[in-house]
1. One residue is enough: does region 158-174 have a residue meeting the conditions open to solvent by less than 10 Å² (accessible area, probe 1.4 Å), touching a residue at least 12 places away in the same chain (Cβ under 8 Å) and over 29 Å from Gly246 (Cβ atoms)?
2. Please count how many residues of region 30-51 are surrounded by fewer than 24 Cβ atoms within 10 Å (Cβ to Cβ) and away from the ligand (no atom under 11 Å from the Cβ).
3. Could you please find all residues in region 183-200 being open to solvent by 20 Å² or more (accessible area, probe 1.4 Å) and not acidic (Asp, Glu)?
4. Restricting to region 390-422, name every residue that is over 30 Å from Asp355 (Cβ atoms), in a loop (DSSP other than H, G, I, E, B) and open to solvent by less than 40 Å² (accessible area, probe 1.4 Å).
5. Can you tell me which of Gly252, Gly297, Gly204 is closer than 24 Å to Glu82 by Cα and either more than 14 Å from the ligand (Cβ to nearest atom) or among the β-branched types (Val, Ile, Thr) (or both)?
6. Step by step: first the residues of region 91-111, then only those that are in a helix (DSSP H, G or I) and open to solvent by less than 10 Å² (accessible area, probe 1.4 Å), then the one that is nearest to Asp181 (Cα to Cα). Which residue is that?
7. If the requirement is being in a strand (DSSP E or B) and open to solvent by 10 Å² or more (accessible area, probe 1.4 Å), which of these qualifies: Val298, Val344, Val327?
8. What are the residue pairs meeting all of these: first residue in region 113-126, first residue in contact (Cβ under 8 Å) with a residue 40 or more places away in the chain and part of a helix (DSSP H, G or I), second residue open to solvent by 40 Å² or more (accessible area, probe 1.4 Å) and among the basic types (Lys, Arg), Cβ atoms under 7 Å, and 6 or more apart or on different chains?
Amino acid sequence: MPGIVLIGAQWGDEGKGKATDLIGTKVDYVARFNGGNNAGHSVVVGDESYALHLLPSGIINPHLTPVIGNGVVVDPEVLFQEIDGLEARGIDCSHLLVSEAAHIIAPYHRTLDKVTERFLGKHKIGTTGRGIGPAYADKINRVGIRVHDLFNEQHLHDKVEASLHQKNQMLVKLYNRRPIDVDQTTEELLKLGERLKPYVANTGLILNKALDEGKTVLFEGAQATMLDVDHGTYPFVTSSNPTAGGACTGTGVGPTKITRVIGVSKAYVTRVGEGPFPTELFDESGEWLRTQGHEFGVTTGRPRRCGWFDAVVNRYASQVNGLTDIVLTKLDVLTGLEEIPICVAYDVDGERYDDMPTDQAAFAAAKPIYETMPGWSEDISNCHSFDELPATCQAYVKRLEELSNCRISAIGTGPQRDHIISVHSLID
Ligand code: IMP
């Protein structure tokens, strides 16, 4: 009954695809449990590269069943664009399952995301503008549209009307925009529903049955621990729970079915959007990491903010997710540095913090306390075992492991799929 949760341990874009690749071939189901098309990952198969935002990475593999769980917010237009793009390249997507209880991102959610950010001005979150926050806000406000609502015209019309009643007041009176038409929106959503129908299923039941039958389910997180609406750097977070607990609420599988929790961390840290980031580099080292690591967003193309490895963040990720393993990615990016700083604790107004401050004002004021390790200059992309890594590189990994309170089970050594060292199996 292996239920494996895979999550980002930092602020996202850790390279979860590498870990999925290691596990993927032995998995029966890959289920996404949070977020929407704010995520972005590239999946490389042979010479072909696929940029996916909403579909689970498992879609490329015909032997497993990709699932979009109830915790995901689904923009049907984006879903069909991704399906059409893949099918045009010969990838069959007919095995995709979408939860009937997942919430829909309607066109008005996208509009609201953009106007709200503009309205917030210097207080903006730096969202991806995909309507994620407004769709989750409707879910919590109990005026959301769920997938199964798309199949009943009268019911859908009532729901759209209820949802737009207040929004239109806001759009017109506060944001000086035109109101959104209820009938036209209902019509558009009905059409999208028609196309969505063949994929829709009771995915909670299917996943539970699969686990009971001894099948392997990979719960694939989007975004990451520090972007979690409860456990991240609030308010500079996304609107869902990318931490391990979200795998249960976002798919309808109980916590006793989870057997493994794998966190993915870069050998340094990146962040997009606004919000505090203690180890952020504003000098040429930051530029160097960005260039060496090709740190530009898959979803928005935005340059990512870059900084040194933050062990306080990783220890926190181990704690909040109950990590059993870490996959360390992009270690090769650090090749060529004489010395590599690691943030081991924070200084907040003269007080040392070894653990994550819960008060966001303290976190915003945190100055990194660094320890420095010697670097390495050898190309590590051809190393296939831990012992083949240069001694200083091994020492860097061992130190990260010690500081993170969790074993490092795999190490990414280059951009290709096979540029990975497996230290402990992620699947037994
Ligand atoms: P939203 O998820 O579009 O509402 O954006 C909220 C915050 O999360 C912003 O800072 C985004 O840049 C960030 N964010 C959302 N999705 C991702 C992701 O997949 N990787 C990294 N950051 C993300």
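The values are calculated or read from the model by the stated rules, or taken from the named source; none is laboratory data. On a predicted model such as this, the values are computed, not experimentally measured, just so you know. Backbone-built Cβ (ideal geometry, glycine too); neighbour counts: all protein chains shown. Side chains are part of the model used for accessible areas, which takes the heavy atoms of the whole protein and leaves out ligands, DNA and RNA. Shrake-Rupley method; radii C 1.70, N 1.55, O 1.52, S 1.80 Å.
1. yes
2. 10
3. Looking only at region 183-200, we keep the residues that are open to solvent by 20 Å² or more (accessible area, probe 1.4 Å), and these are 183-184, 187-188, 190-192, 194-195, 197-200.
Result: Gln184, Leu190, Lys191, Leu192, Arg195, Lys197, Pro198, Tyr199, Val200.
4. Answer for region 390-422, where residues must be over 30 Å from Asp355 (Cβ atoms), in a loop (DSSP other than H, G, I, E, B) and open to solvent by less than 40 Å² (accessible area, probe 1.4 Å): Pro390, Thr413, Gly414, His419.
5. On the way: Gly252 fails: closer than 24 Å to Glu82 by Cα; Gly297 fails: either more than 14 Å from the ligand (Cβ to nearest atom) or among the β-branched types (Val, Ile, Thr) (or both).
Among Gly252, Gly297, Gly204, only Gly204 is closer than 24 Å to Glu82 by Cα and either more than 14 Å from the ligand (Cβ to nearest atom) or among the β-branched types (Val, Ile, Thr) (or both).
6. Of everything passing the filter in region 91-111, Tyr108 is nearest to Asp181 (Cα to Cα).
7. Val344
8. Val115/Arg177
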